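Report on the following structure.
The values are calculated or read from the model by the stated rules, or taken from the named source; none is laboratory data. From a predicted model like this one, the values you see are computed outputs, not experimental measurements. Cβ coordinates were reconstructed from backbone atoms using ideal geometry, including for glycine residues, and neighbour counts include every protein chain displayed.
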Amino acid sequence: MPDFRAFCAPPTAEPSELTLSPEESHHLVVVNRARLGDTVVAFDGRGTEWICELAGDRKNAAVLKVRFRQKARPLAFEITLGQALPKGPAMDAIVRKATEIGAAHIAPLESERTQVHLDEGRSDKKIEKWQTAALEAAKQCGNPFLPDIAPVQSASAFMEAARGYDLKLIASLQPGAKSLKTVLAAFQAASGRPPKKVVWLVGPEGDFTPAELSLAKSSGFEPITLGPLVLRCETAAIYALSVLSYELQNS
């Protein structure tokens, strides 16, 4: 049986014990049924893990006795997902899968064809929900790093402000879109190294508009094909992240 995992951000780097939040305590003790003496890996979402044992099993304030601390190595590359908001609960699934794949940043975007428009209050609640989804996914898959989830912004503003990336990619159904392998090989040939920071743009249902695609191209985004079939936006996001992660891990 794998060790239990719990999120905790202690005030010091070398705590002797950790007290979990009511939510994490309930999940550990009630949902996962951890018992006194069980091994629990606490993590802060920034790569630090504390190997602990459950020393107090209160349902609203579980206590972990720290055995030792360890620091996980981050991936050799950093992927940002710029995702136009899809309908329904699909964004929750995208956040979960992006966390499992190891995306470092997730930028929720409102595009011209986005059918979900959030005011400030609803946006804050959505971000909290997505952060919870990311945390649940990280605990399940063992990822010690939580993705940063940015505030909702317009797709055009994101495109225009996207700087500091080695590669800027946009999933595209347009004729002339290149394969990911071709673009990665060209970057490697020109720079002598694989890219370290990459951003993927994925559109909503119906894709980005011609005006948005034109803006993306003028902002330096390279159109990338995901194959001959039209994918649902949540499928496209996970496909794009998966193939990019695989290629970067093996470059």
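A few remarks follow.
- Which listed residue, of ALA186, ALA171, ALA162, ALA150, is surrounded by fewer than 18 Cβ atoms within 10 Å (Cβ to Cβ) and more than 16 Å from the chain's Cα centre (by Cα): ALA186
- Selected residue (criterion: nearest to LEU146 (Cα to Cα)) from residues of region 1-37 that are touching a Phe, Trp or Tyr at 6+ places or on another chain (Cβ under 6 Å) and of a type outside the set (A, V, I, L, M, F, W, C): GLU24
- Residue match in region 198-212 (condition: closer than 19 Å to ALA103 by Cα, more than 21 Å from the chain's Cα centre (by Cα) and surrounded by 16 or more Cβ atoms within 10 Å (Cβ to Cβ)): no
- Put simply, of ALA55, ALA61 the only residue that is in contact with a Ser or Thr (Cβ under 6 Å, 6 or more places away or on another chain) and more than 24 Å from THR99 (Cβ to Cβ) is ALA61.
- Residue within region 235-245 that is exposed (fewer than 15 other Cβ atoms within 10 Å of the Cβ) and either farther than 18 Å from ALA93 by Cβ or free of Cβ contacts under 8 Å to residues at least 60 places away in the same chain (or both) present: no
- Within region 1-44, the set of residues being more than 25 Å from ARG73 (Cβ to Cβ) and β-branched (Val, Ile, Thr) comprises THR19, VAL29, VAL30, VAL31.
- Test result for PRO228, assigned by TED's automatic domain parsing to the domain that holds LYS87, out of contact with any Lys or Arg (no Cβ under 8 Å at 6 or more places or on another chain) and in a loop (DSSP other than H, G, I, E, B): yes
- Take the conditions (1) in contact with a helix residue (DSSP H, G or I) (Cβ under 6 Å, 6 or more places away or on another chain); (2) modelled with pLDDT under 95; SER245 misses just one of them, which is (2).
- Residue list for region 33-62, filter: outside any strand (DSSP E or B) and either in contact with a helix residue (DSSP H, G or I) (Cβ under 8 Å, 6 or more places away or on another chain) or surrounded by 15 or more Cβ atoms within 10 Å (Cβ to Cβ) (or both): ALA34, ASP38, ASP44, GLY45, GLY47, ASP57, ARG58, LYS59, ASN60, ALA61, ALA62
- Restricting region 1-30 to residues that are aliphatic (A, V, I, L, M) and at pLDDT below 95 leaves a set whose member that is surrounded by the fewest Cβ atoms within 10 Å (Cβ to Cβ) is MET1.
- Among the residues of region 213-229, those that are modelled with pLDDT under 95 and buried (at least 18 other Cβ atoms within 10 Å of the Cβ) comprise LEU213, LEU226.
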